[in-house]
Amino acid sequence: MFGEVKTDSCDLSITLFGITFKNPVWVASGTFGYGLEAREIYDVSLLGAVVTKGISLKPREGNPPERIAETPCGMLNSIGLQNPGVEGFLKKIYPHIEKLNTHFIANIFGETEEEYVEVCMALEDARKIVAYELNVSCPNVKKGGMLFGHDAVVLGRLVESVKAKVKKPVLVKLSPNAGNVVEFAKVCADAGADGLVLINTLLGMKIDVKAQKPDLSTFTGGLSGPAILPIAVRMVWEVFSELGDKLPIIGVGGIHDTDSALEHILAGASAVQIGTANFSDPLCPLKVIKGIQDYMQNMKEKNFKSLVGKAHGIKLQPYLFQQGP
């Protein structure tokens, strides 16, 4: 069992959408199961929060193999959101989650607006689930397969529908593949979202040159890992610049050590989620918690909140190069 992380040297706690988290380091959906699998490695209660593997209305088997492919500085995945459905989750998994001393956020998806609402409603009485994270990178069957997060009108209506039915905070995990992320973030804010999660995976592909065929059974998959860090940080920066005073941003994408987590935070993330790094280094989240503590001590920062968006306070120097003679 990995040793404890001391938290008395500086204040890592942060309150978001009315909930106080012991620290800003969470684990991302789809990379940590339901928080139960890591118990033999370390005390999961040391984490700020666990975001569950995606939960749908009905059970899903997911895509056929091959579903994962390693890439330079990352990986491609096309798991297909395999899960036991919300009823199976509540009966078989949730009772074990209740025993863990940290917050849980349920990642939710559906094929229709109504399915999103039904799943959230089914979880309203699950006290350990403190918020919902809507995965909007899913096809809307009523719109001919258009992804929820790729249609601003559909996205806004989805957020409004869920917010109208639930009491718990609603976060929206935005796709980096949809176009102008700021515009989609504004749609979510206007629809009443309590927070934004930036970013989901980027669409990618890998081909086995020896077999002369795609590595994944679905041909394309979601690219994650350190390779996407600069893109994720840029999107966090852009959204914080426009909406930083309206709702919190949770940074995810490419975080694999303390510095990459701090890039997200200084760009405007109030908390971060560690994803793909859990596969290569299961202790990464605890190392990042300790690393942020050390950074705050070295920088003489006593309160974590003072770091959020701090890079925006630096006056950027004008571009010095001038064309022409």
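The values are calculated or read from the model by the stated rules, or taken from the named source; none is laboratory data. As the structure is a computational prediction, the values presented were derived from the model and not from experiment. Because the Cβ atoms are built from the backbone with ideal geometry, glycine has one as well, and the counts that use them run over all protein chains shown. Areas reflect the complete protein model, heavy atoms only, side chains present, ligands, DNA and RNA absent. Shrake-Rupley method; radii C 1.70, N 1.55, O 1.52, S 1.80 Å.
Just a few scattered comments:
- Cα Rg over Rh - the chain, Kirkwood: 0.97
- Of all lysines in the structure, those lying under 16 Å Cα to Cα from LYS302, and not within fewer than 8 positions of it along the same chain, are LYS6, LYS22, LYS290, LYS310.
- Once you divide the Cα radius of gyration of the stretch 118-207 by 2.2 N^0.38 Å, the number left is 1.11.
- Global geometry of the stretch 176-242, whether rounded, prolate or oblate, following the gyration tensor of its Cα atoms and the 1.5 cut on a/c: prolate
- For LYS186, the aspartates and glutamates whose Cα comes closer than 16 Å to its Cα, not counting residues fewer than 8 places off in the same chain, are ASP151, GLU160, ASP194, GLU238, GLU242, ASP245.
- Ligands, DNA and RNA are left out, and with a 1.4 angstrom probe the accessible area of the chain is 47 Å² per residue.
- Cα-based reach from LYS58 at 27 Å (exclusive), listing lysines while leaving out same-chain residues under 8 positions away: LYS91, LYS92, LYS99, LYS128, LYS142, LYS143, LYS163, LYS165, LYS167, LYS168, LYS173
- Inter-label distance for SER241 and GLN82, nm, one decimal - labels placed 7 Å from Cα along Cα-to-Cβ: 4.1
- Candidates ALA232, ALA269, ALA178: whichever shows maximal mean-square fluctuation once the chain is modelled as a Gaussian network with Cα springs under 10 Å: ALA178
- MET75 - accessible surface, heavy atoms, 1.4 Å probe, Å² rounded to 10: 20
- Largest GNM mean-square fluctuation among GLY85, GLY251, GLY18, using the chain with Cα springs under 10 Å: GLY18.
- Carbon plus sulfur fraction of accessible area for the chain, probe 1.4 Å, in percent: 54
- Proximity of backbone amide H atoms, modeled 1.01 Å from N, is registered between GLY80 and ASN63 at under 5 Å, excluding neighbours fewer than 5 places apart on the same chain.
- Paramagnetic reach from ILE19 (point 7 Å along Cα→Cβ, amide N under 12 Å) across the stretch 78-118: 102-108
- Residue order for PHE240, PHE104, PHE279 - accessible surface, 1.4 angstrom probe, largest first: PHE279, PHE240, PHE104
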